[in-house]
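Taking it in order: structure first as structure tokens, then the write-up.
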Amino acid sequence: MPRSIQFMLAFAVLLASGCALSDAQRNRSVYHYQMGQSFYAESNFSGALQEFTEAEKLTPKDPALLNDLGLAYFRKGRYDLAEPKYLKAIALKPGYSEARNNLGVNYLEMKRWDDAIFQFTAVQNDIFFQGQDGAVINLGLAYLGKGDYQQALGLLRGAVGRNPSDPRTRIHLGRVYFALDKTELAVEEYRRALELNRSYANAHYHLALALVKLKNLAGARSAFNEVLRIAPDSEIGQLSREYLDLLK
């Protein structure tokens with residue numbers, strides 16, 4: 001057999017084995033990715049993180065995988081490690097509004113208000129993103145955290161107008177009123193949130209804080225006790241217990 005033909009056959013074998021290896025890597029990545037998604041759905045974030053990390057070793061340029069890896073780090077409270085995963089996903093896919101929104105939420109937790117505002121504004125401008133309403137609310141929360149209460153007020157008041165039956169948005173609007181020392185309006189929003197969901201512990205908690213500010217201590221104690229009844233082991237449950245000790 002001529003050497004040229006032997007070389008071509010050898011090259012073809014190597015190429016075929018390379019393709020097979022690539023397929024095998026891809027299949028392993030899909031397996032780890034799907035396992036990670038299953039663990040994440042079960043709130044087993046450590047398991048999800050381990051599986052997503054294994055998948056990333058095989059397919060490090062998959063934007064969806066990087067976004068989910070960022071979410072797993074976020075759920076573990078490692079906002080510093082979530083950030084570069086989201087950024088890499090966006091670099092690979094600049095129009096990836098879901099990753100931008102998640103990055104913005106990550107910045108909210110890090111109290112990096114301007115960075116959050118930048119990301120949420122970009123998401124808000126993506127008319128094809130299905131989570132636009134949530135991005136507007138998040139943008140309002142970023143302005144609230146920054147202390148730009150008028151911007152927050154405009155965004156969250158508009159969000160309540162578009163979806164008046166969402167108790168969470170009413171809580172956020174109430175927080176803006178509270179920050180603006182419009183405490184009666186804050187109480188009104190908290191009570192409306194509770195009309196929509198009587199078991200909303202966060203609404204009871206913020207209502208209690210507002211009633212303390214209005215010196216309605218009996219009402220505040222009642223609201224704090226509701227938090228303890230609904231969510232005794234939560235962070236706001238523990239804070240409510242401390243407030244009740246102070247109000248004795």
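Structural remarks
- The range 96-125 and the range 230-248 have Cα centres lying 31 Å from one another.
- Distance (nanometres) between label positions extended 7 Å along Cα→Cβ at GLN150 and ASN225: 4.3
- For the residues ILE90, ILE117, ILE236, a GNM of the chain with alpha-carbon springs under 10 Å puts the largest fluctuation on ILE236.
- Expected 222 nm ellipticity per residue - DSSP helices of 4 or more, -39500 (n - 2.57), all of the chain, to 500: -26500 deg cm²/dmol
- Choice from ALA223, ALA116, ALA152 showing the highest fluctuation, given a GNM over the chain with Cα pairs closer than 10 Å: ALA223
- Rounded to the nearest 20 debye, dipole of the range 98-156 from Cβ charges on Lys, Arg, Asp, Glu: 120
- Relative contact order, percent, the range 149-219 [alpha-carbon distance under 8 Å, six or more residues apart]: 26
- Per-residue ³J(HN,Hα) for the range 183-191, Karplus 6.51 cos²θ - 1.76 cosθ + 1.60, θ = phi - 60°, Hz, x for Gly and Pro: 5, 4, 5, 4, 4, 4, 5, 5, 5
- Residues considered: ALA203, ALA220, ALA91. Largest GNM mean-square fluctuation over the chain, using C-alpha springs under 10 Å, is found at ALA91.
- Integer Hz, Karplus 6.51/-1.76/1.60 couplings in order for the range 220-225, x for Gly and Pro: 5, 4, 4, 5, 4, 5
- Calculated FRET efficiency for the pair ASN163/ARG28, C-beta based, R₀ 45 Å, to 0.05: 0.55
- Projected-area average for the range 39-129 over all orientations - Cα convex hull basis, square nanometres: 5.6
- Here, P(r) means the percent of Cα pairs in each 10 Å bin from 0 to the largest distance; for the chain it is 8, 22, 26, 21, 11, 5, 3, 2, 1, 0.
- Unsatisfied cross-links (Cα-Cα over 32 Å) in the set LYS61/LYS111; LYS111/LYS248; LYS57/LYS146: LYS111/LYS248; LYS57/LYS146
Quick note: the coordinates plus some simple rules give every number you see, no bench work behind them. No experiment lies behind these values; they were computed from the predicted model shown. Reconstructed Cβ throughout: ideal geometry from the backbone, glycine too, with neighbour counts over all protein chains shown.
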